[in-house]
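Here the structure comes first, spelled out in structure tokens, and everything after it is commentary.
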Amino acid sequence: MTEQKTWSQRFESALHPAIARFNASISFDIELIEYDITGSIAHAKMLAKTGIISREEGEQLVEGLERIRQEHRQGLFHPGIDAEDVHFAVERRLTELKGDVGKKLHTARSRNDQVGTDTRLYLRDQINQIRQQIREFQAVLLDLAEANVETLIPGYTHLQRAQPVSLAHHLLAYLEMLNRDWERLGEIYQRVNISPLGSGALAGTTFPIDRHYTAELLNFGGVYANSMDGVSDRDFAIEFLCAASLIMVHLSRMSEEVILWSSQEFGFVTLKDSCATGSSIMPQKKNPDVPELVRGKSGRVFGHLQALLVLMKGLPLAYNKDLQDDKEALFDGVKTVKACLEAMKILLQEGLEFRTARLAAAVEEDFSNATDVADYLAARGVPFREAYNLVGKVVKTCIAANKLLKDLTLEEWQALHPAFADDIYEAIAPKQVVAARNSYGGTGFEQVRQAIQAARSRSNNS
Ligand code: ARG
């Protein structure tokens, strides 16, 4: 028998090596090491403060834990499968460094409340980082919007040209989506930020611990009121993956547009060499790999959300080992969102060039000003539905004659309806079509400028 390691003397023989590998989480939960150490330091301080261990013992533990942190940061700490998980790895190293006092660290604690604490500390940091990334992303969108208030682009419904819009307005739609993401993460943070430490294995502990003290040391906003809930709740991770999935939905929609826009069929943007890739066989190709990867990676984040929902749905109280399997999903979800936010930000910042001449031509060459003709008549007293039907007929005749609305002569307009005057031409010019949609939240330039300003002050104030 190899030396008995982590569990009690109840066991007579060692684990089968394949089972040890299967059971171990060290290969991925090493990600939590800094948080594990921070959580353990708070626990050790609490043990000393409450007199559960002596002050000197507390100091020894903290010193040893800080030493492990340094070893880890210097790349010197590499626990193997035999450590099982990060919690055992740290405790074992502590005992190597500090002798028997190291064995006191786990008094009044279980790995169950410990892992819950670590995961929450980790996620708190990640949420802060992602929110910061969102703000940086928004700043790039804002700069791009500011430079393109009067750049026109066809607006679509059903992917059919509908009405021209300001390119800034189009970009600001994403800014709003991302703002909800930013807010949502802030709300979720409140529920991530609750301490389960001191819940013990499931039922609390016989020692006179002070849960509020550890929570305070770790800057938690509160403590779990029920120890069984404390050790088995993963709502916070699911909520995060839900928010992460929505971020990916938004990035993926944006990606889809960039992919379409960069196609020869649309030709609205050119990808710069720094953010595009070539083909191994077709020398002429320039591929939008970045947005394609982002669009593709959204699937795995949705998958992680699904995985955790299914992981949780049948679990009896309280801790079950199934819960160990939350980590890879959560970690990968975090990494994927961060990587995608970064790549898309770079793409927008320096990887795209809008082909403004092509855009200007695009808004001239279709019937996306037809609503404006109907509005023109409606503003002059013709009931809107009547005007709409009349313009429908005009469009049909124009298509047959291979003409656009702007090609009709004033006589032709007036033959259709006497309310038409020569200001119809200005009313249907793309720039005017956009400028005129000055209703709150619309694409009118004035509205767009106000929206940019509002977004700037929103970001500056938070
Ligand atoms: N590695 C475990 C996890 O991630 C730590 C908790 C183990 N608890 C237990 N009762 N076996 O969930």
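The values are calculated or read from the model by the stated rules, or taken from the named source; none is laboratory data. The shown structure was predicted, so the numbers you read here are calculated from the model rather than taken from an experiment. Methodologically, a virtual Cβ is constructed for each residue, glycine included, from the backbone with ideal geometry; neighbour enumeration extends over all protein chains shown. For the accessible areas, the whole protein counts, side chains as well, though only heavy atoms, and no ligand, DNA or RNA atoms are used. Shrake-Rupley method; radii C 1.70, N 1.55, O 1.52, S 1.80 Å.
Details
Each row is one residue, and each column tells you yes or no for (1) under 30 Å from ARG109 (Cα atoms); (2) assigned to a helix (DSSP H, G or I).
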| position | (1), (2) |
| --- | --- |
| THR270 | no, no |
| VAL310 | yes, yes |
| GLN324 | yes, yes |
| ALA329 | yes, yes |
| ASP332 | yes, yes |
| LEU341 | no, yes |
| MET344 | no, yes |
| ALA357 | no, yes |
| ASP366 | no, no |
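Yes or no, residue by residue, for (1) surrounded by fewer than 20 Cβ atoms within 10 Å (Cβ to Cβ); (2) of a type in the set (Asp, Glu):
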position	(1), (2)
ILE53	no, no
GLU63	yes, yes
GLU66	yes, yes
GLN70	yes, no
ASP82	yes, yes
GLU91	no, yes
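- Check on PRO283, within 30 Å of ILE37 (Cα to Cα) and not in a helix (DSSP H, G or I): no
- When GLY299 is tested against (1) open to solvent by less than 60 Å² (accessible area, probe 1.4 Å); (2) within 21 Å of ASN128 (Cβ to Cβ), just one condition goes unmet, and that condition is (2).
- Of all residues in segment 318-356 being more than 22 Å from ALA307 (Cβ to Cβ) and of a type in the set (S, T, N, Q), the one that is nearest to the ligand (Cβ to nearest atom): GLN349
- Tally of residues being buried (at least 19 other Cβ atoms within 10 Å of the Cβ), in a loop (DSSP other than H, G, I, E, B) and not hydrophobic (A, V, I, L, M, F, W, C) across segment 171-229: 6
- Scanning segment 21-37 for residues that are touching a helix residue (DSSP H, G or I) at 6+ places or on another chain (Cβ under 6 Å) and assigned to a helix (DSSP H, G or I) returns ARG21, ILE26, PHE28, ASP29, ILE30, GLU31, LEU32, ILE33, TYR35, ASP36, ILE37.
- Evaluation of GLU353 against (1) assigned to a helix (DSSP H, G or I); (2) modelled with pLDDT of 95 or more (one fails), failing number: (1)
Okay, residues lined up against (1) of a type in the set (S, T, N, Q); (2) away from the ligand (no atom under 16 Å from the Cβ):
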position: LEU105; (1), (2): no, no
position: ASP118; (1), (2): no, no
position: ARG124; (1), (2): no, yes
position: GLN138; (1), (2): yes, yes
position: VAL149; (1), (2): no, yes
position: LEU178; (1), (2): no, yes
position: LEU185; (1), (2): no, yes
position: ARG191; (1), (2): no, yes
